[in-house]
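Here is the structure we will look at, set down as structure tokens.
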Amino acid sequence: MSEPALLEIRNLQKTFTTAGGEITILQQINVKIVAGERVAVVGTSGAGKTTLMHILGGLDRPTRGEILFEGDNIFALRGAALDAFRNRTIGFIFQFHQLLPEFSALENVMMPLLIGGVPRAEASEKASSILNEVGLAHRLTHKPGALSGGEQQRVAIARALVREPCLLLADEPTGNLDSGTSEEIMALLNQMHLARGLTMVIVTHNRELAASLDRVLEIEDGQLVHDILN
Ligand SMILES: Nc1ncnc2c1ncn2[C@@H]1O[C@H](COP(=O)(O)OP(=O)(O)O)[C@@H](O)[C@H]1O
Ligand SMILES: [Mg+2]
């Protein structure tokens, strides 16, 4: 591909030190992702997918290698500077949505804006608008416990996108949903991709979902074993 990469994974290795010694979870991973690509990450449980996503999202540091965003190594940043880069650039949907149970849907979605210093009234307006976009205008004041699994995932999507990141990382976003709800969530992500030109990297066990994206990366025992354009 001749286009410059938005995101490049270069010689990535991740080793954890445990009581039983060192274990290498990811090794020799090299991938270039261009802006606007929709990439699926597949692989059996324990293959290293979540570890990879956390590193791509700047939530965990690599042992060796680099993650380049628009050509710059994101781990050259540390602490508050890395947090600020992440908040501005990357939306993350966790495997278990990780909404705050004590707060309403609206407050959950406002949170990244408030953390980023956006005034409360503006944060509320932006959060309502994106909750409307994901089809939850009628659920603003519900707490996560009073929402269905699919609705909770929509809130998580709204929270991930409310700061208008250019990169969305999603770790099994349909993993805990029935097939009908999974399809709705996938359609919503594709709609966001079209509307915002979002680059998406999505971990999934759903082969159909993987096949519907532009490209599939398969991780096996911490190594990239397939990289296929659909
Ligand atoms: N903090 C950690 N310390 C030690 N081992 C870990 C840690 N996090 C993950 N692992 C191990 O790394 C492997 C890959 O985990 P993970 O990335 O969660 O896989 P996947 O998401 O593909 O199921 C697993 O064997 C897991 O036990
Ligand atoms: Mg995982």
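Every number in this text was worked out from the coordinates using simple rules, so none of it is lab data. Since the model is a prediction, treat every value here as computed from it, not as a measurement. Cβ placement follows ideal geometry from the backbone for every residue including glycine, while neighbour counts extend to all protein chains displayed.
Based on what the data block shows, is I219 within 16 Å of ligand 1 (Cβ to nearest atom) and not polar (S, T, N, Q)?
The answer is yes for I219.
Condition check: within 30 Å of A137 (Cβ to Cβ) and either more than 16 Å from the chain's Cα centre (by Cα) or more than 15 Å from ligand 2 (Cβ to nearest atom) (or both). Does L68 satisfy that?
No.
Considering each residue of region 85-113, count those that are within 20 Å of L6 (Cα to Cα) and either of a type outside the set (F, W, Y) or touching a Cys at 6+ places or on another chain (Cβ under 7 Å) (or both), and give that number.
So the count comes out to 7.
Given the condition surrounded by 21 or more Cβ atoms within 10 Å (Cβ to Cβ) and in a loop (DSSP other than H, G, I, E, B), answer yes or no: does some residue in region 146-154 qualify?
no
For region 64-84, give me each residue that is under 14 Å from L7 (Cα atoms) and either of a type outside the set (D, E, K, R) or buried (at least 19 other Cβ atoms within 10 Å of the Cβ) (or both).
Listed by number, the residues that qualify are G65, I67, L68, F69, G71, N73, I74, F75.
Quick check on my filter: what residues within region 157-184 are away from ligand 1 (no atom under 16 Å from the Cβ), β-branched (V, I, T) and crowded, with 21+ Cβ neighbours inside 10 Å?
Step one: filter region 157-184 for residues away from ligand 1 (no atom under 16 Å from the Cβ), giving 157-168, 177-184.
Applying the additional criterion that residues be β-branched (V, I, T) yields 157, 162, 181.
Of everything in region 157-184, those that are away from ligand 1 (no atom under 16 Å from the Cβ), β-branched (V, I, T) and crowded, with 21+ Cβ neighbours inside 10 Å turn out to be I157, V162.
Between residues in region 166-178 that are touching a residue at least 60 places away in the same chain (Cβ under 8 Å) and residues that are among the hydroxyl-bearing types (S, T, Y) and part of a strand (DSSP E or B), which pairs lie under 6 Å by C-beta distance while being six or more apart or on different chains?
Cβ pairs passing all conditions: L167/T199.
Which of the residues spanning region 197-230 are surrounded by 14 or more Cβ atoms within 10 Å (Cβ to Cβ), more than 16 Å from ligand 2 (Cβ to nearest atom) and assigned to a loop (DSSP other than H, G, I, E, B)?
L198, L213, D214 - these are the residues of region 197-230 that are surrounded by 14 or more Cβ atoms within 10 Å (Cβ to Cβ), more than 16 Å from ligand 2 (Cβ to nearest atom) and assigned to a loop (DSSP other than H, G, I, E, B).
Hey, among the residues in region 85-108 that are part of a strand (DSSP E or B) and within 16 Å of ligand 2 (Cβ to nearest atom), which one's surrounded by the fewest Cβ atoms within 10 Å (Cβ to Cβ)?
F92
So the check is Cβ under 6 Å with 6+ separation or different chains; which pairs have a first residue in region 48-74 that's in contact (Cβ under 8 Å) with a residue 24 or more places away in the chain and within 12 Å of T15 (Cα to Cα) and a second one that's among the basic types (K, R) and within 16 Å of ligand 2 (Cβ to nearest atom)?
Between residues of region 48-74 that are in contact (Cβ under 8 Å) with a residue 24 or more places away in the chain and within 12 Å of T15 (Cα to Cα) and residues that are among the basic types (K, R) and within 16 Å of ligand 2 (Cβ to nearest atom), the close pairs are T51/K14; P62/K14; T63/K14.
Would you mind listing the strands (runs of 3 or more DSSP E) fully within region 2-51 where at least 2 residues are within 22 Å of T174 (Cβ to Cβ) and either away from ligand 1 (no atom under 13 Å from the Cβ) or in contact with a strand residue (DSSP E or B) (Cβ under 7 Å, 6 or more places away or on another chain) (or both)? Let's see the steps before the verdict.
Working: elements: 7-18, 21-33, 38-42.
Counting at least 2 such residues, we get 38-42.
What do you reckon, is G117 without any contact (Cβ under 8 Å) to a residue 12 or more places away in the chain and either within 16 Å of ligand 1 (Cβ to nearest atom) or at positive phi (or both)?
Yes; evaluated as a whole, the condition is true for this residue.
Could you run through region 17-47 and say how many residues are among the basic types (K, R) and without any contact (Cβ under 8 Å) to a residue 40 or more places away in the chain?
Count: 1.
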